[in-house]
Structures are given as C-alpha cells and as structure tokens.
Amino acid sequence: MNNSAGQILDGNLSTSIDLAIENLRNDLLIGLPTETVYGLAALATRPKAIAKIFQVKARPTNHPLILHIADYQHLDKWAKDISLYTKNICEHFWPGPLTVILMRTENVCNEITGGRETVAIRIPNHQVALSLLSSLNDGLVAPSANRFGKVSPTSAQHVVDDLGDDVSIVLNGGTCEIGVESTIIDCTSNRPQILRSGGISKSQLEEIGKIEISQSDGDSRAPGMLEKHYAPKCRVELVDSSQRALHRLDEISTQGLTAEIIDFHGDSKLYAKQLYARLRQADDRKIDIVLAVMPSSGGLGDAIRDRLIKAAAAN
Ligand code: AMP
Ligand code: MG
C-alpha cells in the first residue's frame, strides 16, 4: 500500500521528477501535465503498468494509447516507414498538440496498440512532461487522467478529484494551456486523414506538410472514437447563438430547473482552455443543464464543437 497515493507535487522540482521516475519504474501510475489535458502515465515498456491504466480508467482495451516521447530523434525507435510529409509536420509542430499514427516497430508492445500494427505518437509541449521524458530512457503512454467517457482533467486537482489514490502522485504543472486533446492524424498512407480535431488545424497541417488532408467520416474514425464522450453529469444542450442561450435560460428556469450558459463570444482559444473546467464546475454546483454556445467552425472551433457534440450525445 502506498500511503502518499493521490498526492499533488510541484512538477517543477527535481525531487518530484525523481519520485515520478521511481514510481514509474515500480509500475505505478502518475498524473502528468501536458499542454492538452493531464495524462495518466505509465512507462511504455511495462505491460503490467499499462494494463493498470485500462483498469483504473475502466477503458476498453481496444482503445489504443498515445505514446509520448521526448525528442524527434527518438521517433525511429518506435515507428517506421515515415513519409516526408510526416517528418515535416512532426518537425514543425512538435513539441505540440499533434499525434501521428505510424507503422510501429518491435519496441512498441501489444498492450499499447491493442495488437494493431500502428502506433500513435506525440511530443507534449509542457516543461514538466518534457523534463520527465528526457530523464527516462523510455516513452510514456498517457491517456487522459479521468474515468472512461468522462470529462478530461485540465488541472492537477481534477486528476485527484477523479482518480483519488488510483494515481500514485500527480505532478502539478498548472492549468493546461490548450485544454482539449491533441489533433490525431493517420500518416500511414499517402492520403493522410485527420481522425480527431485538436489544437493543430487541418489547414496548418496542409500548409506545412504540403499535402491534401481529409477529415475522417463516420466509418473511418480511429478505433475507440465514440459518439458519446467527454460527458459531465449534467445535461449539455447545444445552442448556436448567445441570444438563443438567453432565451433557453428563461424557458428552463420557468420549468424549475437550473441552467448555466457557456459562451466565449468568439474566443476559441479561451473556450478550449476553460471548457472542461466549466463542465466540471456545473457538476459541482449540481446544475441541471449547461447551455453551450457553439463556436464557429475552423481551427480550435472544430475541436470544441467535436467535444461538445459528444458531451451532448451522452445526455
Ligand atoms: P486518448 O483517448 O486521448 O488517449 O487518445 C487515444 C486515441 O488515439 C484512441 O482512442 C484512438 O482513437 C487513437 N489511437 C491511438 N492509437 C492508435 C492507433 N494505433 N491507430 C489508430 N488510432 C489510434
Ligand atoms: Mg480521454
């Protein structure tokens, strides 16, 4: 039994990094800050610890995990058959919220990929994550540090609120700068496809990769992508304008229910950064309905719309 389980430690201290390394090498899970959301991390070469991630999250094993690495130079250790456009986008956007799907090497264990021949990889853009990763002679697998299907954590406290002492320690790295999960792009063919929208947009990738990219449709999404996800306990209702939200707020209160509006008036960056915390706050306050004003499409707006649609589908 680990008595200090569920403790939040300052991720900027070398003593915290040392303890994180020791715990990881003992097959314990740690909470890891990244620029997207907080991850629940295990060493990429420890199948026993990886199995714990699925168990703690109650995540189906056919939802493969993203492998986090420290440096672009380490990519060849984990992935092969890397095209020129893939090299270009990785060199340009890493460290950053971009996950690439590539053919895996024999260094990637089956537990990470659910037996697939492909692997998802990224370099996170967060000083604490990078300092931990560069001290390890290994990668880290890290899905979001919440129970499966629920709202992702964007602070160290969110991780402890969700996972308690199922996580050995959480490295505190402040509030996540981006606030929504990474963009995932399948780079295993000459016709790359975005499988999940995130912090890097399709047009940015097309410009740097000098290649036309498609957006996934219903049938070809990544394994583990669901219609319902990222869900708070309260009902999420999508509205397309601030005016409509105010109108609904009136209607709902006459029914004796409580509602709250999430509206960032066109500021997608702030919307992404605060979305999950706002959904959590609504649950803490036992609000019945969140009225989320949809941001316009394009850039981060696509990622926010995707998460909101899935949160609303879980009603
Ligand atoms: P997350 O749920 O944020 O941890 O992101 C992991 C998601 O990345 C999975 O649910 C899949 O949709 C996708 N993914 C991870 N590995 C692969 C892979 N090898 N092939 C295709 N998609 C993957
Ligand atoms: Mg997740």
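Throughout, read-outs are computed from the coordinates displayed, never taken from laboratory work. These figures come from a predicted structure and were not determined experimentally. Cβ placement follows ideal geometry from the backbone for every residue including glycine, while neighbour counts extend to all protein chains displayed.
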Can you tell me which residue in segment 84-108 is farthest from ligand 1 (Cβ to nearest atom), limited to those that are part of a strand (DSSP E or B) and closer than 20 Å to residue 36 by Cβ? 98
Against the condition within 13 Å of ligand 1 (Cβ to nearest atom) and among the small types (Gly, Ala, Ser), how does residue 79 come out, does it pass? yes
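I want to confirm something. Restricting to segment 165-181 and keeping residues that are in a loop (DSSP other than H, G, I, E, B) and more than 16 Å from ligand 1 (Cβ to nearest atom), which single residue is nearest to residue 128 (Cα to Cα)?
Ranking the candidates gives 173 first.
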Quick test of your reading of the structure: residue 90 fulfils all but one of (1) among the hydrophobic types (A, V, I, L, M, F, W, C); (2) closer than 26 Å to residue 204 by Cα; (3) buried (at least 22 other Cβ atoms within 10 Å of the Cβ); (4) in contact (Cβ under 8 Å) with a residue 60 or more places away in the chain. Name the failing condition by number. (4)
Would you confirm, using the coordinates I've provided, whether residue 211 is in a loop (DSSP other than H, G, I, E, B), over 20 Å from residue 280 (Cβ atoms), hydrophobic (A, V, I, L, M, F, W, C) and in contact (Cβ under 8 Å) with a residue 24 or more places away in the chain? yes
Subset of segment 135-157 [assigned to a loop (DSSP other than H, G, I, E, B) and either hydroxyl-bearing (Ser, Thr, Tyr) or within 19 Å of residue 21 (Cα to Cα) (or both)]: 136, 137, 138, 139, 142, 143, 145, 152, 154, 155
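Run down 9, 19 and say which single residue is in a strand (DSSP E or B) and more than 16 Å from ligand 2 (Cβ to nearest atom).
9
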Among the candidates 178, 194, 185, single out the residue that is among the β-branched types (Val, Ile, Thr) and without any contact (Cβ under 8 Å) to a residue 40 or more places away in the chain. 194
Which residues, taken from segment 50-95, are on the phi > 0 side of the Ramachandran plot and not aliphatic (A, V, I, L, M)? 81
Could you go through segment 59-71 and let me know if any residue there is part of a helix (DSSP H, G or I), charged (D, E, K, R) and closer than 30 Å to residue 229 by Cα. no
